[in-house]
Amino acid sequence: MSEFELESHAPKGPLQDRWKQHKFNCRVVSPANRKKYTVIVVGTGLAGASAAASLGEMGYKVKTFCFQDSPRRAHSIAAQGGINAAKNYQNDGDSVWRLFYDTIKGGDFRARESNVFRLAELSTSIIDQAVAQGVPFAREYSGYLANRSFGGAQVSRTFYARGQTGQQLLLGAYQAMSRQVACGSIKHRSRCEMQDLIMDGDRAVGIITRDLVTGELESHLADCVVLCTGGYSNAFFLSTNAKGCNASAIWRAHKQGALFANPCFTQIHPTCIPQHGELQSKLTLMSESLRNDGRVWAPKNKADCDKRPEEIPEQDRDYFLERMYPSFGNLVPRDIASRAVKLICDEGRGVGSEIDGKKLGVYLDFADAIKTQGLDTVREKYGNLFQMYQRITAENPYQTPMRIYPAVHYTMGGLWVDYNLMTTVDGLFAGGEANFSDHGANRLGASALMQGLADGYFILPTTVSDYLARRKPVKAEHYQNQVDAAMQASKTRIKALMNAPDPSVTPDDFHRQLGQILWHACGMAREKDTLLTAVEKIRALRDEFWQKVKITGEAEQLNQTLERAGRVADFFELAELMCLDALEREESCGCHAREEHLTDDGEAKRNDMDYSYVAAWQYSGEISQPTLYREYLHFDFVRPSIRNYQ
Amino acid sequence: MIFKLNIWRQAGPNTQGFFEAHEVDASEDSSFLEMMDALNEQLILDGQDPVAFDFDCREGICGSCNLVINGTPHGKQQATTTCQQYMRDYKDEDALWIEPWRATAFPVIKDLIVDRTAFDRIIQSGGYIPIRTGSACEANTLPIEKDVADAAFDAATCIGCGACVAVCPNASATLFVAAKVAHLSTLPQGQLDKKRPAKMLKAMEDEGFGSCSNYRECERVCPKEIKVSAITTMNRLLYKANKSV
């Protein structure tokens, strides 16, 4: 692996002109020549589907891949609350600059100014595009679009489609993509998983895939590869992600030379349904939008924790978010809310069932909202969420407050990309949650959909074109050796998984153990010794995994256990890097709370003198010895301040 | 507690399937699919091939999971996907019979997994509003009455799971098609394509789905409570489009 300077290619000049100027500087491919270029898009969630549709419309040959049985099932579909856009329809003082500022502050000043400004700027076009596609956003009786408030903002700029915003936006992108499939510009493969990149020296020229139905390995060459494969929350085993979400594509790209940025920046979402038992396979999120009307509280006295919430009188309730953060109240950003909930439960004031001897839950109460707005209004706003809660817990949230506890939800870290969303591997791009670019150390609610679609609809089509314009189309016959090498590597890996020397433990069992180590060491609070111990434990368990993983059935057929084992193997390596990154960052910022660096009130103490950088890790050939590169962040337009939501 | 299961096993699309009996120990607070996970863990440790079934989000929105439980697609709780069924609701059952969706247009791939790509091809035939990225007008230039937008939303919540097909004696996908038509063709921006219903219905027939003969079973099992009134809406649009030709 070579030494290099991290060059963000972020343009200079006035912030508001940078993207415009950059677009002009980007080269374009003439319409007649576009069909000579092939672009591979892996992952068909919001970022992938929107990128594929847009590139297909432009006339490129696009090949898309997803592991699900249809692109419509990507996990973007589960995003509930909404999508931010600086439309200022509420006339409450919003602007592109304000959305930019809120986002960069929300990320605790650990993101690039140029990228975040571009995101805010593009936000408005996303809403236009989605509405034109038929996304049924909520509307006022006037017929105009409605907004609601989300955490970390004092303006109302979130567009929503009840509690199913992600679903509706994804279907919009999926339908746009389907239209291109029908036109023949996109060739799509479902139930097909990327195994590795095909590399020509330092350049990505294609991918190896495994057909999940037949088990067959196939090669696909292209002029460039775009990874939109989502985040890696499932490293924790229990998370709000779909069961299939995985880091394999980005991790294998990392091992081919793509730097991995800020791996320890993982978002813990404050309002999830608490864990209830051993067998549990995933955690379920309750949208942040609920904090518009729900009030978070815990009993003031430990003695009340076993009582039914209705029996605890008003004066014995501690509405701790309102108490601690009076100006933002229940709508503080996610990292702040999560840590406050943890603090209360660590004090022994949690409620609900015990996990490892601790009650892990606080109340999210709608009684006031129901009293002031009426049952019907509350049902109209949150009906499907209440129903989901009731289904899972067998409790009726219209009558008794919900119980919530934080859970891993989103990963701000991901493949390092420059302003063009290209990784450090030539010809390899990353969009959506798979890259690290816009959210810094904490993502604000309703910003993930915005970023995925900004990347897919507007940024990648421009920057991918610029890349292709500088190259001649690849010729398949030139790359046979490279294809053979990549194919052989994938075969060897599958063989090793299928033939562990002492097969006795299931992949899920290993995954659960890994998740517990990671949650305790690299979850809501991090501390040096615990992290060091975790690294040791992860290494030991990883060795055991390759010795003992048990997979039945054959590799040359549909084999879900093999699929899972391959993903868990990658999580084992990524988990170590997450801990190493958390160790290296001797400060607290956003989601990353190092216990050694907290104020007396438990707030994050950032260290801008020493840590105002993106930590980008290079695979050195040895998993435990990655090389750290630093991209220093420069703030020319905002002054990094102490994040104060009080 | 112990649950008795009879699960459909089928090695591939062209092999004979059969029911296989199992017993599994699972808490009544676990979800239906967590119970299936427990069974599979046990099967792997016993050196057997685990039961293949589709799942992903496990929160009722992705539309992946699709089991017929005791004869009902998605199981006994109405308006609920398979993944959101909880074992507490099945503790009084003597035995659980678990089968795949059965329809010509949904061939079995393995065990409980079926091929639903026919749905993708139906959407490709016209289930979109053709708007090129970047050419949209400002979003609020086109006000849409709230009740029109709300009705479109109700239809748009379809998750494409295919329960409507699985329960229909004709294995018809009319509710699926109608939901997309009622979503797109009732919105002002979707009204330009008058042929949408005809194109999508033709694609449906070409894929081997049957026609609608008003059993209305689809409405009963739809986890998102899509109403058959969507079919009425579609038929009206179909009629209008034919008349205008």
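Values for this structure:
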item: Among residues of the range A:167-187, those that are within 8 Å of chain B (Cβ to nearest Cβ) and within 17 Å of A:L46 (Cα to Cα), counted; result: 9
item: Some residue of the range A:428-444 being at pLDDT below 95 and either among the aliphatic types (A, V, I, L, M) or over 28 Å from A:Y101 (Cβ atoms) (or both); result: yes
item: Unmet requirement for B:G71, which otherwise passes all of (1) under 27 Å from A:L212 (Cβ atoms); (2) at pLDDT 95 or above; result: (1)
item: Qualifying residues in the range A:96-110 (those that are touching a helix residue (DSSP H, G or I) at 6+ places or on another chain (Cβ under 6 Å) and within 21 Å of A:V417 (Cα to Cα)) - the one surrounded by the fewest Cβ atoms within 10 Å (Cβ to Cβ); result: A:F100
item: Filtered residues of the range B:110-132 (kept if surrounded by fewer than 22 Cβ atoms within 10 Å (Cβ to Cβ) and within 16 Å of B:A52 (Cβ to Cβ)); result: B:D115
item: Counted residues, the range B:13-29 - those being assigned to a loop (DSSP other than H, G, I, E, B) and over 23 Å from A:R73 (Cβ atoms); result: 8
item: Failed condition for A:E573, given (1) touching a residue at least 60 places away in the same chain (Cβ under 8 Å); (2) assigned to a loop (DSSP other than H, G, I, E, B); result: (2)
item: Filter result for A:A86 (touching a residue at least 24 places away in the same chain (Cβ under 8 Å) and not assigned by TED's automatic domain parsing to the domain that holds A:G294); result: yes
item: Test for A:E584: is it farther than 30 Å from A:K342 by Cα and either under 25 Å from the mean Cα position of the chain (by Cα) or within 14 Å of chain B (Cβ to nearest Cβ) (or both); result: no
item: Complete set of residues in the range A:68-113 that are within 14 Å of another protein chain (Cβ to nearest Cβ) and over 23 Å from A:A161 (Cα atoms); result: A:Q68, A:D69
item: Candidates A:A161, A:A86, A:A132, A:A153 - the one that is part of a loop (DSSP other than H, G, I, E, B), more than 21 Å from the chain's Cα centre (by Cα) and hydrophobic (A, V, I, L, M, F, W, C); result: A:A86
item: Every residue from the range A:490-522 that is hydrophobic (A, V, I, L, M, F, W, C) and either surrounded by fewer than 16 Cβ atoms within 10 Å (Cβ to Cβ) or not in a helix (DSSP H, G or I) (or both); result: A:A496, A:A500, A:V505
item: Matching residues, the range B:135-161, being more than 7 Å from chain A (Cβ to nearest Cβ) and surrounded by 23 or more Cβ atoms within 10 Å (Cβ to Cβ); result: B:A155, B:C158, B:I159, B:C161
item: Test: residue in the range A:389-405 that is in contact (Cβ under 8 Å) with a residue 40 or more places away in the chain, within 19 Å of A:G231 (Cα to Cα) and hydrophobic (A, V, I, L, M, F, W, C); result: no
item: Single match in B:L187, B:L201 (criterion: at pLDDT 95 or above, crowded, with 22+ Cβ neighbours inside 10 Å and closer than 14 Å to A:P136 by Cβ); result: B:L187
item: The range A:29-78 - residue that is of a type in the set (D, E, K, R) and surrounded by fewer than 24 Cβ atoms within 10 Å (Cβ to Cβ) and, of those, farthest from A:Q180 (Cα to Cα); result: A:K36
item: Test: residue in the range A:165-175 that is part of a strand (DSSP E or B), modelled with pLDDT of 95 or more and more than 30 Å from A:N442 (Cβ to Cβ); result: no
item: Subset tally (residues that are farther than 10 Å from A:T124 by Cβ and either touching a Lys or Arg at 6+ places or on another chain (Cβ under 8 Å) or not assigned by TED's automatic domain parsing to the domain that holds A:L449 (or both)) for the range A:90-99; result: 2
item: Boolean, A:A525 is small (G, A, S), buried (at least 16 other Cβ atoms within 10 Å of the Cβ) and in contact with a helix residue (DSSP H, G or I) (Cβ under 6 Å, 6 or more places away or on another chain); result: yes
item: Residue count, the range A:198-207 (criterion: among the aliphatic types (A, V, I, L, M) and either in the same structural domain as A:V62 (by TED's automatic domain parsing) or surrounded by fewer than 23 Cβ atoms within 10 Å (Cβ to Cβ) (or both)); result: 1
item: Of all residues making up the range A:545-565, the number that are under 13 Å from A:P507 (Cα atoms) and in a loop (DSSP other than H, G, I, E, B); result: 4
item: Hits in the range A:272-283 - residues which are in contact with a helix residue (DSSP H, G or I) (Cβ under 6 Å, 6 or more places away or on another chain) and crowded, with 21+ Cβ neighbours inside 10 Å; result: A:I273
item: Residues within the range A:581-601 that are surrounded by 20 or more Cβ atoms within 10 Å (Cβ to Cβ) and touching a residue at least 60 places away in the same chain (Cβ under 8 Å), tallied; result: 9
item: Hits in the range B:45-94 (condition: facing another protein chain (nearest Cβ under 7 Å), in a helix (DSSP H, G or I) and surrounded by 22 or more Cβ atoms within 10 Å (Cβ to Cβ)); result: B:Q84
item: Helices (runs of 4 or more DSSP H) contained in the range A:1-80 and holding at least 3 residues under 25 Å from A:R471 (Cβ atoms) and touching a residue at least 12 places away in the same chain (Cβ under 8 Å); result: A:18-25, A:46-58
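The values are calculated or read from the model by the stated rules, or taken from the named source; none is laboratory data. All figures in this text were calculated on a predicted structure; none of them were measured in a lab. No Cβ is skipped: glycine too gets one built from the backbone with ideal geometry, and neighbour counts run over all protein chains shown.
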